[in-house]
Structure formats: structure tokens, C-alpha cells
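To start, the structure under review is shown below, and the notes come after it.
The values are calculated or read from the model by the stated rules, or taken from the named source; none is laboratory data. Not measured: the values here are computed from a predicted model. Counting neighbours? That spans all protein chains shown, and the Cβs are built from the backbone with ideal geometry, glycine included. All accessible areas refer to the heavy atoms of the entire protein, side chains included, with ligands and DNA or RNA removed. Shrake-Rupley method; radii C 1.70, N 1.55, O 1.52, S 1.80 Å.
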Amino acid sequence: MHIAAQETDDVLLKRSAKGDEDAFTQLYWRNQAQIYRFALRMTGRAWAAEEIVQDVFMTLVREPKKYDAARGPLGAFLYGIARNRVMKHLERQPREFSFEQKNAEGDAKAIEAADNHTPAHWAEVRERRERVRSAVLSLPPEFRETVVLCELEEMSYEEAAQVLECPIGTVRSRLHRGRALLLAKLEILREAPKRANASR
Amino acid sequence: MNCEEFANAGLDRNLEAGGPEFAAAREHLRACPDCAALYETSRVLRADLRELGQETCEASAPSRIEMRLRQEFRTQHKTLRTHRVTWLAGWSLAAASIIAGAVVWVNWNRENTVEVANRMGPTVQTAPRSNSPREATTEKPPGSPASPARPQTPRKERTQPLVASKTSDEFTPLPGSVPGFLDDSTIVRVQLQRGALGAFGLPVSEERASDWIQVDLLVAADGQPQALRLPQSASN
């Protein structure tokens, strides 16, 4: 069955609720990537992100009537479910940070493009990226999700406020506070190897 | 612009690329080394975060998740369909049972009415057999002690036959009656429920089936009713 690209998520969801599998697949492909990225960036684990994506869409299969179009777009609704699942995951494993770099099929991904930089340069880039990643993952969840949505997902304050179901001012202040915390953590992470070397 | 205003308005902006609206922030940046250092750190952080974001911007859920979800979707909707069919079948069965019950009850009720009529018929018909047909047709004075048809009580009046005058012009022959037997017949006046007329193959209004009416039966010598006559009051 051909599904026109301009059909809205609402229409697709109605058709999906009536048993149209193509409509459900279309919905999945429209929304899965952003939910997966959000979950991956929040949890730092590919397997957790997969579980969360599965849970989110399972909810859509089992209880499509939970979505109320009057309260906002379907994307925001899915983000809401994903946030709940992420919070549950973080409550279970609050201290585990491991940002696995995997592609869609679960294989290690070659992230550096071949160019004329030296291995030392790439080692430094990797180290800096790892520090930022660890700093993001160590933020308290409410600041982390704001940083993830506004900085990594590059959402506007309005979009982030809709997803987080809070006023724009709250998003702005959380982002401000999140950045300050990140800077402090990065400073600590930057100083840690130096202190370790000095103590030897 | 002071440091606080700068922190609120200019820290998360790209002031180098910004337009004239950021001129005050840029001015403050040149004048305040603390804010300049903070801005530089913030700029580096934004760049790092952007880089981190780009690292995973192509990430998407593996195809096995889609497979699992589609499987679950099929199972879910198959189960729903099964539930719907079961529900429909259940209700259909219940409706069919109710209809069957109603039909049985209506039939039973009709049979019951006919049975009552039949039960009343023989009571009335046996009476002439006990008396001679000639005696029954003979008009006796009401005060005579030998009169067998004289009613003692209203109840007996209903069970005992009343002998009517023999004017066979208005009699309607009953189905299966033999016309030749009419000479030896007796006219018997009985009281029965209108519904009992159905047993003689006559149309009966169901609304008035329970009314009691007087009917003249033309009974042959063998005791079988051959024809009947409805008095004017009963035929209305």
C-alpha cells in the first residue's frame, strides 16, 4: 500500500491502530532515529537505547489511544515516553557511563576520516571527545536532557520546552546551569591526568 | 552592558558572526578579560558538544528492532481480531439463544391455549352423550324438576351444556364435518374462551383470545361437533 509522504503522523497513527502495518512502519521510520539518538546520548549505551526505542514503539502498538493530538505532536509524545524510560534506566544504573560508539548494526564505527593529521592529533581529539562525553553523561538527568536536546540535537528552546513539558525559561536556565556544570566537570577531567602524572 | 547582562545575553551566542544587535556584547568582551575568558571557554565547549553531536547524528536503531516491533504489531492485531471475532460469536450465540427461547415460549403458549380449548371442548361435548339428543333438543319449562340443563350455580352453568333453539341457518360448518349427519344433530350452547375457536380453524384475534363467549355447536350423533354458530353478541 502506498503511503503519501505528506500524511501526518496522526493519520498514520490512526491507520496503524486499525492494523495497517505499513502505516506503523512509516511512523517508525519517521521517528525512530531521533528517539534512538536521544536515548543513546542520555544513557551512553547502545543496548539501552535499543531497549528504549523498542519500549517506546511498543507502547505505540499496544496503547495508541494514549496519544492525544490536542496535547502536542506525536514526536513530543514519543520523546515523553523515551524520557520516562531513560529516567528508569538511569535510576537502575546511575553510575555506569560508557558511550559505546556503534553503528546501526552494532559494529564498531570508524569515526575518524582518513586525512593527513598525525596519530598524536587523533589521540588528542579522541581524548577530548571522551572527556566531553563523560562530562555530559555525568550531568544530573534534568540538565543532561536539556544539553542533549539543545546542544546535541540542536533543538530550539521552544522545541525543547515542548519535549520537556516545561516553560522556555526553565529550558534556558537549565541549559545555562548545565553548561556551567559541564565546564566545571571538563576542568576537573582536564586536571585529573595532570595530577596523576604529578603524583608519580 | 555589565558582566551579568553579558552572561545572560551573549555567552551562548556566536558574537563574531552576530549582527549589530551584539555590538554591546562585543564591546563588553573587549573591555572585560574575565568575561572574555568565560566566553572563550564557552565557545570551545559549544564546539566540543557540536562535534560530539555530529559523531552520533547518523545513529539509528538497528533493523532487528524494526523486525521485533513488526512482529509484535502483527501479534497484537491478530490477537485483537481474534478477540473481536470471539466477542461477536459470543453475542451472536446469546442473541440466537434468546430468539430460540422466545420462539419456544410463543409456541408453548399457543399450544397451551389450544390445549385449554380442547380440554373445554370435550367437557362440553360429553354432556349431550350422557343425555339423549332428543331429550336435549326438547324444550322444557325452566321450573321443571326433571330439567337436566338447569344451572344450579354459575360454575356449573359454565360446565353444563345449554340447549339452544335449533335454527341451523346461521351455522358455519367446521372443517372435516359431514353435511349428511345434520339431521340427527343436537345444538349445544357452550361457554368457551374465544381463543378456543382457533382449534376449529377459525381466525381469532389474540388481543381478545381470553374473552369468554357463548357458542352454539351443532353436535352430530357420534358426539363430534359439525358446525358452530356465534350469537350476535359474541361475534362482535
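Here's the picture: a label point sits 7 Å out from the Cα of A:Ile168 along the beta-carbon direction, and within the stretch A:122-161 the residues with their amide nitrogen under 16 Å of it are A:150, A:155-161. Averaging Cα coordinates gives a centre for the stretch A:133-168 and one for the stretch B:69-84; these two points are 36 Å apart. Computed from label points 7 Å out along Cα-Cβ, the spacing between B:Cys57 and A:His176 is 2.8 nm. Just to check, using Stokes-Einstein with a Kirkwood Rh over alpha carbon pairs, what's the diffusion coefficient of the stretch B:35-78 at 37 °C and 0.692 mPa s in µm²/s? Stokes-Einstein gives a translational diffusion coefficient of 238 µm²/s. In sequence order, the stretch B:73-84 has phi-based couplings of 4, 5, 4, 4, 6, 5, 4, 4, 4, 4, 4, 5 Hz under the Karplus curve 6.51 cos²θ - 1.76 cosθ + 1.60, θ = phi - 60°, and Gly or Pro positions carry x.
Look at the stretch A:52-58: the mean tally of other chain Cβ atoms within 10 Å of its residues' Cβ atoms is 4. When the pairs A:Lys88/A:Lys185; A:Lys66/B:Lys78; A:Lys66/A:Lys185 are compared against a 28 Å limit on Cα-Cα distance, A:Lys66/A:Lys185 fall above it. Looking at the stretch B:70-85, which residues lose a minimum of 30 Å² of accessible area between their chain alone and all protein chains in place, measuring with a 1.4 Å probe and not counting ligands or nucleic acids? Those residues are B:Arg70, B:Glu72, B:Phe73, B:Gln76, B:His77. Interface area, chains B and A: about 3800 Å² of buried accessible surface, summed, with a 1.4 Å probe and ligands, DNA and RNA left out.
Put simply, the amide H of B:Gln224, placed in the peptide plane, has no neighbours under 5 Å, leaving out anything fewer than 5 places away on its chain.
Ranked by the mean number of other Cβ atoms within 10 Å per residue, highest first, peptides A:73-81, B:37-45 order as A:73-81, B:37-45.
For the pair A:Asp22 and A:Arg71, a Förster radius of 30 Å applied to the C-beta separation gives a FRET efficiency near 0.70, rounded to the nearest 0.05.
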